1. Roughly speaking, what is the stretch gain from VAL32 to GLN263, that is 0.36 nm per residue apart minus the C-alpha to C-alpha distance, in nm to one decimal?
2. Just read off the accessible area of THR42 with the full protein assembly in place, 1.4 Å probe, to the nearest 10 Å².
3. Let me cross-check ILE48: its accessible surface, 1.4 Å probe, with only protein heavy atoms counted, in Å² to the nearest 10?
4. Starting from the 7 Å offset along Cα-to-Cβ, what nm value, one decimal, do you get for the label separation of LEU305 and PHE18?
5. Under a plain spin-label model, where a point goes 7 Å from the Cα along Cα-to-Cβ, how far apart in nm are LYS131 and MET234?
6. Write down, largest first, the equivalent ellipsoid semi-axes of the stretch 192-288 in whole Å, where each equals the square root of 5 times an eigenvalue of the alpha-carbon gyration tensor.
7. Roll a 1.4 Å probe over the protein chains and send me the accessible area per residue for the stretch 212-319 in Å².
8. Sketch the reach of a paramagnetic label on ARG199 as a point 7 Å from Cα along Cα-to-Cβ, and name the residues of the stretch 220-262 whose backbone nitrogen lies under 18 Å away.
Amino acid sequence: MEIEIDDWPEEPTRMDRFRDWLSRTEKVYLEVLRGAALIVATVILAWIVWLLVSSAYRISQDASAVEVEPVEITAAEVVDIDLGELEAPVVEGDALKPNVTAFDNFAEQYHQLFREKFEAFAHKDDDKLSKDEFVELYLAGMSGSMEDEMEVGFGPSLDEADYDGLLAMMREVSTLPASIERLEKYRDSPKVRREEKVRKTRRERYCSYYSSYFDECYSYDYRSVPYTDTIVRMEPPKGVLTYQQLFAAYQDNYLGTLSARRQENSSDAMAERERRMAANAEGWSGLGNAVWFAGLFLALMFFFLLIAIERHQRRIANL
């Protein structure tokens, strides 16, 4: 049997082998690109969904809906005062009365409460306060707005809406065992004599020019001369508060706590409003990013489509 030389397959040339390797490499490269495009597209699509959901949630937060939390104070907090040295209430300024009728009604009830629950424990030699003296001593400068208390300069102020709250709180405080114990301790404690040395000055007339020849003073003038005076007071023993000091301490503690907590709640509400406004801004920014990533997703899908067309063309060419 004779074998013809033409039946042997031709030996591929180096260029043919290079083209075959290049075709296989290109096929693998297209497969890798196709898989990578699918993975990146899936990640982008998930990110777009997250941006849309989170941005919609941030935009839905209404900053104007945030309200200041109401303040709650218990009677136990009001009676928790320092029993150290407390100064007697000092009258400062005149009471400001935006609503005379409402203020007068409140002052009448407040004074009646003071007389029944606090002044009832007074000593016989204690001076009783009339309504006008009571108002001037405890309510002077406090009938303005709580928001204007820094401008008034007399400490915490009272809104008309706060009258009932203060009255109810002081009435509840007066019935607590701690308050009754302190009032009874003052009533049953005899006053002690206290002497206090006070440096004062007095105006004194003196001879500014004396004539030796005539042995007579011709000119007089005045000068301030320091001296020490002794003030005697009858006061309760140290650590015992008078009923007036106790009333003032409770009132100051309540109004101070009320003002501090209102400011704290107002600050918290303002911070929450600012947080929501910042969330709204982030939400709109997130929507913009979602649109940008959506465009990137479409571009990637177009790139993926080109790869699919290329693979389809190659499949047709190999048939």
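The values are calculated or read from the model by the stated rules, or taken from the named source; none is laboratory data. Being a predicted model, the structure only gives us computed values, none of them experimental. Cβ atoms come from the backbone with ideal geometry, glycine included; neighbour counts cover every protein chain shown. The protein model used for the area step is the full one, side chains on, heavy atoms only, and it has no ligands, DNA or RNA in it. Shrake-Rupley method; radii C 1.70, N 1.55, O 1.52, S 1.80 Å.
1. Working: separation 231, 0.36 × 231 = 83.16 nm, distance 6.24 nm.
Gain on extension, VAL32 to GLN263, equals 76.9 nm.
2. 90 Å²
3. 20 Å²
4. 3.6 nm
5. 3.0 nm
6. Working: eigenvalues 922, 171, 11 Å².
So the equivalent ellipsoid measures 68, 29, 8 Å along its semi-axes.
7. On the way: 7030 Å² over 108 residues.
Dividing the accessible area of the stretch 212-319 by its residue count gives 65 Å².
8. 224-231
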